[in-house]
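The values are calculated or read from the model by the stated rules, or taken from the named source; none is laboratory data. What you see is a predicted model; the values in this text were computed from it and never measured. Cβ sites come from the backbone with ideal geometry, for glycine too, and all protein chains shown count toward neighbours.
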Amino acid sequence: MSNEARVVAMIERIYDAAIEPSAWETFSQELSTEFGGAAVLISVERQSVAGTGGKQLAIYSAGILDDFIPVLLTHLEKGLPWGKFAKPEFLGRFAPTSELYPDDQLKETAFYTDFMSPQGLEPEGPLGHVIHADPEGESSGIGIYRRVGGRPFNPQDIEFGNRLVPHLARAFDIQRQLGGYERERIALTEVMDRLPNGVVLLDSRGRPVTWNRSAERIADRDDGFRIEADGPRLWNSQENVMMRKLIESAIESGLQRGEGSGQFMPISRPSGRRPLVTMVTSLLKPAPQSSGRDAVAALFVSDPSDAKLSTSEVLKSLYSLTRAEAELVGLLASGKSLEEVANERGITMNTARSQLKQVFAKTDTRRQGELVQIVLTGIATIDLE
């Protein structure tokens, strides 16, 4: 294979890694081959997927024993003999670290003793390249270590590496951008899953892009409403046609103006239970960098029989209720009458009325229906689990 073809092949592998980070492992193996069987280490700083705001260091390697990766991480934390290799003159190129730290002193360092010597690496600094360095001094980069008895690195090796440099930078930016989309998606999914109402996001053909846990729970009952690959499906054929028209109208509105416009309809159920309640709306046009850019419409669906509250601790915190008062409110919100609540809790009607009176005062309400309404439409219905 010609030198040009080898460079092209390595560039393709770099962009594979931008999409699927595990491909950095394959890239490191191929880079090792290009540099005469050298040991290769690639470290990539990335944001925590959990969305904590912290960073993780991913290590990919060829010719490095797994047992020595923790040793490497320890020394990276302390600082390598040549520092973090992130000085401006070493950004944008491959270069020998001997420019920063003399090779004749390397044998005296703990890094050589702990990491390099036990793995048969020559007592000379690696070729290195900083892919990215942030203002805090953290960096992503590549280190190529010559093995004892391995061929020396030459100017052609550095030239080969430097042809990869701009692509490594672009791949890092792509990977970081995709990581941002993934963190955004995870956060939005968790928020959606906590909502008491079902939410189904639809693309420009009315197909579901994603849906939350409440929508899945309603669909799994197969009681008048399902989520299928080509879109929501209702058991009643006439209602299904109506729903399809509402979705098409919302999609058209969203594509043309990017303005939300909600339309409502009930969904009858073969079980005879109270109808599901739905709203179909177009979505505002998302920002160009948004991971929700494929969704143009949303279907909201709720099951009246699903009305529930979070723990009584939430009600106590929100409205300064006692435990007994919070339990009473929770039972009323589930659709029970005050008499049924009194019987279930083993208290007299006078006690129940007294507790209800205290709840009215604390929630600034006057009627039982008003109390239930403000509770069920507030944040007490958000799922905490």
*Of all residues in the range 102-125, how many are crowded, with 17+ Cβ neighbours inside 10 Å and either among the hydroxyl-bearing types (Ser, Thr, Tyr) or free of Cβ contacts under 8 Å to residues at least 60 places away in the same chain (or both)?*
9
_Hey, residue 218 of a type in the set (A, V, I, L, M) and under 20 Å from residue 275 (Cα atoms) or not_ = yes
_Out of the residues in the range 219-242 meeting the condition of being in contact (Cβ under 8 Å) with a residue 40 or more places away in the chain and in contact with a Leu (Cβ under 7 Å, 6 or more places away or on another chain), tell me which one is surrounded by the fewest Cβ atoms within 10 Å (Cβ to Cβ)._
224
_Residue among 173, 203 that is of a type in the set (Asp, Glu), closer than 21 Å to residue 44 by Cα and surrounded by fewer than 18 Cβ atoms within 10 Å (Cβ to Cβ)_ = 173
*Can you list the helices (runs of 4 or more DSSP H) found entirely within the range 327-382 that contain at least 2 residues being touching a residue at least 40 places away in the same chain (Cβ under 8 Å) and not hydrophobic (A, V, I, L, M, F, W, C)?*
349-363
*Kindly indicate whether any position in the range 190-200 is modelled with pLDDT of 90 or more, of a type in the set (A, V, I, L, M) and within 25 Å of residue 262 (Cβ to Cβ).*
yes
*Can you tell me which residues in the range 66-83 are part of a helix (DSSP H, G or I) and not β-branched (Val, Ile, Thr)?*
66, 67, 68, 70, 72, 73, 75, 76, 77, 78
*Give the residue, chosen from 293, 273, that is out of contact with any Leu (no Cβ under 6 Å at 6 or more places or on another chain) and modelled with pLDDT under 75.*
293
*Taking the range 91-110 on its own, how many of its residues are farther than 17 Å from residue 142 by Cα and assigned to a helix (DSSP H, G or I)?*
7
